[in-house]
1. Apply the Karplus curve 6.51 cos²θ - 1.76 cosθ + 1.60, θ = phi - 60°, to the phi angles in the range 87-104 and return the couplings in whole Hz, x for Gly and Pro.
2. Which value, in Å² rounded to 10, gives the accessible area of D74 with a 1.4 Å probe and all protein chains present?
3. Considering only protein heavy atoms, with the full assembly of protein chains and a 1.4 angstrom probe, order S82, S36 by accessible area, largest first.
4. Taking 7 Å along the Cα-to-C-beta vector as the label spot, tell me the K19-A87 distance in nanometres, rounded to one decimal.
5. Heavy-atom accessible area of I17 with all protein chains present, probe 1.4 Å, nearest 10 Å²?
6. Round to the nearest 10 and report in Å² the accessible area of L71, as given by a 1.4 Å probe over the protein chains' heavy atoms.
7. Give a residue-ordered list of calculated ³J(HN,Hα) values for the range 13-20 (Karplus: 6.51 cos²θ - 1.76 cosθ + 1.60, θ = phi - 60°; whole Hz; x for Gly, Pro).
8. Multiply the residue gap between Q108 and L57 by 0.36 nm, knock off their C-alpha separation, and tell me the result in nm, one decimal place.
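The values are calculated or read from the model by the stated rules, or taken from the named source; none is laboratory data. This is a predicted model, so every value here is computed, not measured. Note that we place each Cβ from the backbone using ideal geometry, even for glycine, and neighbour counts take in every protein chain shown. Please note that ligands, DNA and RNA were not included when accessible areas were found on the heavy atoms of the full protein model with its side chains. Shrake-Rupley method; radii C 1.70, N 1.55, O 1.52, S 1.80 Å.
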Amino acid sequence: MEDILVPLGFFGMIAYIAKLIGDTRIRRKALDSHASADVAEAILNRRWKEPSTRSALKWGLIVVALGIGVLLVDLLTIGFESPLAYAILLLATGMALLGYYFVERETQLGEAPSHNAAEESFSASDPVRESEM
């Protein structure tokens, strides 16, 4: 078990350090671009400690899908050494991310005005446009 946890922990630590360095560089470039004071304040006062509900939804879907994938691998008595087991887990994760994408898209479509509604209001106010159609 230690043969797996030590390299996995080391990889996680390196990935987290790379993320911190990347975030710092992005903030520095944004501040050096001579953006307005409001933009600079928004970048510097970013709330890192409060996870968003959308992020929690995404990770919840991923964890549930991976759990279902592991259960499926176990029920089908497929060994975890088999490539089929990895394929099932990756498919489950991909399906969770696609589900999250559709939820996000529906949320964004609900917030933004419909493109069709804008065309209808334009055509109603412009009789020449209606005759061209």
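1. Per-residue couplings from phi come out as 5, 5, 5, 5, 5, 4, 5, x, 5, 5, 5, 5, x, 5, 4, 5, 5, 5 Hz.
2. 100 Å²
3. Working: S82 35, S36 65 Å².
Listed by decreasing accessible area, they come as S36, S82.
4. 3.1 nm
5. 80 Å²
6. Rounded to the nearest 10, the figure is 100 Å².
7. 5, 5, 5, 5, 5, 5, 5, 4
8. Numbers: separation 51, 0.36 × 51 = 18.36 nm, distance 1.51 nm.
So the chain would gain 16.8 nm between Q108 and L57.
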